[in-house]
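The structure under discussion appears below in the form of structure tokens.
The values are calculated or read from the model by the stated rules, or taken from the named source; none is laboratory data. As the structure is a computational prediction, the values presented were derived from the model and not from experiment. Here Cβ is always computed from backbone atoms with ideal geometry, including for glycine, and neighbour counts include all displayed protein chains. The accessibility values were calculated without ligands, DNA or RNA, using every heavy atom of the protein model including side chains. Shrake-Rupley method; radii C 1.70, N 1.55, O 1.52, S 1.80 Å.
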Amino acid sequence: MRLLIINGHVIDPSQNFAGSAEILIEDGRINTFAREGGINRTGADIIDAGGMWVVPGLIDIHTHLREPGFEHKETIRTGARAALKGGFTTVCAMPNTNPVNDNAGITEFILKMAQAEGNARVLPIGAVTKGQKGEELASLYAMREAGCIAFSDDGRPVASPVIMRRALEYAKGFDALIISHAEDPALADSGVMNEGLLSATLGLKGQPAVAEEVMIYRDIALAELTGGRLHIAHVSTKGGVRVIRQAKERGLKVTAETCPHYFSLTEDAVAGYNVNAKVNPPLRTAADVEAIKEGLRDGTIDVIATDHAPHGREKRTRQFDDAPSGISGLETALSLSLALAGEGVLTELELIGKLTQNPAGILRIDRGTLREGAEAELLIVDPQRRYVLDAEKMISRGKNTPFDGMELKGMVMKTVYGGKVLEWA
Ligand code: DOR
């Protein structure tokens, strides 16, 4: 394949470049990145990206693919396909499957399934503890050898500080990343939404913001003690942002992510017992949303991740209290994130960096770049295109999104991945 992309507005944070450029792809790799244009067109298929953004394939450090065990919610095939449609060419799959990805056999299964399907690249995340029970460390090194990119008990916190300390210490031995689902279980106390006036009005059990803040503080203290590499998942609170900012100011090597729903919605979305707005950590207040945006702006929050958490009928048919938490996010993340550039919270380069270069750096993978020689993984995005989200039309099996029926702006038109051009609109 000789594919030439012309007339696009190219944004590549890894080269600190935003402007017009031509890109020639040959044999699945970026052959030429020409800032001045003028690439020879002979024999090339041409994509005219006039009015479009051309950006590196996005990397999601936090996805739930549900296979093995919960295939009615999502499979590796449907999840990785939804990823490509949403612009993610690499996704990291959390281990809360059934069985849990807490051993090399499950890791190998996930990798084999993903490779056989040939959709987005799937990088498994192994569990920190056996069965995610928080009691005994899983075989982290063996899972790393089998292909795990990081370790997390996401979906649940590692409640015991002693186990978390051991995990950070042990993982440090082979420089592995531990991802913290920061929730103090005693403080969270099975709360199903943010604790405050609204939870009291709705008669729902609240989960206080401090449950997140306290756990982030604990894990940062343990990372400092051990020298281990720590990444904080789905930051949702003002206090959480503050603790991470202070840690970074002290020079600690902690990194953090937030998700589009934490800067796009407040707890008000739960009013009316809207189960699609039930997510863990819960949607918070307007002050938290502002703090998350400020954290993104000043670099406290490095990454935008989806926390794609697809669910099936059980999400729609159960009472709010009993329904599972989570938002199906792969196919809306880019549109929602683009709003941050529209509002002036982030520059185009910063925004795309939080979806490409920054997660690549944390994961230490050589992706999320349009540099010459890199594998050709990129998107053609129409930043102006408006559409009304129809959840039923999403590729993901999880139709659970609070954005259903809303007008969103910014659409992935094409994804170049695996030597193919996938057209979405
Ligand atoms: O809302 C959530 N859903 N939060 C998590 O941490 C886990 C996820 C899931 O697996 O459904």
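Descriptive notes on the structure:
- Model label points for Ser190 and Phe17, set 7 angstrom from Cα along the Cα-to-Cβ axis, are 5.5 nm apart.
- Across Lys315/Lys409; Lys133/Lys205; Lys315/Lys393; Lys238/Lys399; Lys248/Lys354, pairs whose alpha-carbon gap is larger than 20 Å: Lys315/Lys409; Lys133/Lys205; Lys238/Lys399
- Backbone amide hydrogens, once placed in the peptide plane, bring Thr285 within less than 5 Å of Glu267, excluding anything fewer than 5 places away on its chain.
- Label point 7 Å beyond Cα of Ala221 along Cβ direction - residues of segment 234-249 with amide nitrogen under 16 Å: 240, 243-244, 246-247
- Within the chain, antiparallel bridges make up roughly 50 percent of the DSSP beta bridges whose residues both belong there.
- Contour minus Cα-Cα distance for Glu145 and Met406 (0.36 nm per residue): 89.6 nm
- Accessible surface of the chain [probe 1.4 Å, protein heavy atoms]: carbon and sulfur percent: 47
- Virtual spin-label span in nm between Leu197 and Asp45, 7 Å along Cα→Cβ: 5.7
- Converting phi to 3J(HN,Hα) with the Karplus coefficients 6.51, -1.76 and 1.60 and the offset θ = phi - 60°, segment 173-185 yields x, 10, 6, 8, 8, 10, 9, 9, 8, 8, 8, 6, x Hz in sequence order, with x at every glycine or proline.
- As a length-normalised measure over Cα pairs under 8 Å and 6 or more apart, the relative contact order of segment 1-107 settles at 23 percent.
- Of the GluC sites (Glu not before Pro) found in segment 309-396, those that fall in a DSSP loop while having at most 11 other beta-carbon atoms within 10 Å are Glu343.
- Beta bridges per DSSP with both ends in segment 285-425, % antiparallel, nearest 5: 90
- Estimated from the Cβ-Cβ distance and a Förster radius of 45 angstrom, the FRET efficiency linking Val210 and Gln115 is about 0.55.
- Antiparallel DSSP beta bridges within segment 1-141, percent to nearest 5: 50
- 0 to 90° range, to nearest 10: angle between helix 286-297 axis and the chain longest Cα axis: 50
- Total charge dipole magnitude, segment 324-425, about the Cα centre, Cβ charges on Lys, Arg, Asp, Glu only, Debye to nearest 20: 180
- Helix axis angle, 161-172 relative to the chain longest principal axis, alpha carbon, degrees: 30
- Paramagnetic label zone (point 7 Å from Cα along Cα-to-C-beta, Lys253; backbone N under 15 Å) in segment 155-182: 168-179
- Charge dipole (the chain, unit charges on Cβ, about Cα centre) - positive-most of Ala269, Ile178, Met215: Ile178
- Per-residue ellipticity at 222 nm, computed for the chain from helices alone with -39500 (n - 2.57) per DSSP H run of at least four residues, works out to -8500 deg cm²/dmol.
- Placing a label point 7 Å from the Cα of Val162 along the Cα-to-Cβ line, the residues of segment 216-243 whose backbone N sits under 17 Å from it are 222.
- A simple charge model with +1 on the Cβ of Lys and Arg, -1 on the Cβ of Asp and Glu and nothing else charged puts the dipole of the chain at about 340 debye relative to its Cα centre.
- Loop-located GluC sites (Glu not before Pro) across segment 74-147 with a Cβ neighbour count of 14 or fewer within 10 Å are Glu135, Glu136, with loop assigned by DSSP.
- Rounded to the nearest 10 degrees, the angle from helix 210-226 to the longest Cα principal axis of the chain is 80 degrees.
- Residues whose amide H lies under 5 Å from that of Thr32, counting only those 5 or more places away or on a different chain, are Leu24; hydrogens are built 1.01 Å from N in the peptide plane.
- Between the amide H of Phe17 and those of Asp12, distances stay under 5 Å, these residues lying 5 or more places away or on another chain, with hydrogens modeled in the peptide plane.
- Heavy atoms of the protein chains alone define the surface here; on that basis segment 316-393 has 43 Å² accessible area per residue at 1.4 Å probe size.
- Separation of the Thr347 and Glu36 label points, Cα + 7 Å toward Cβ, nm: 2.4
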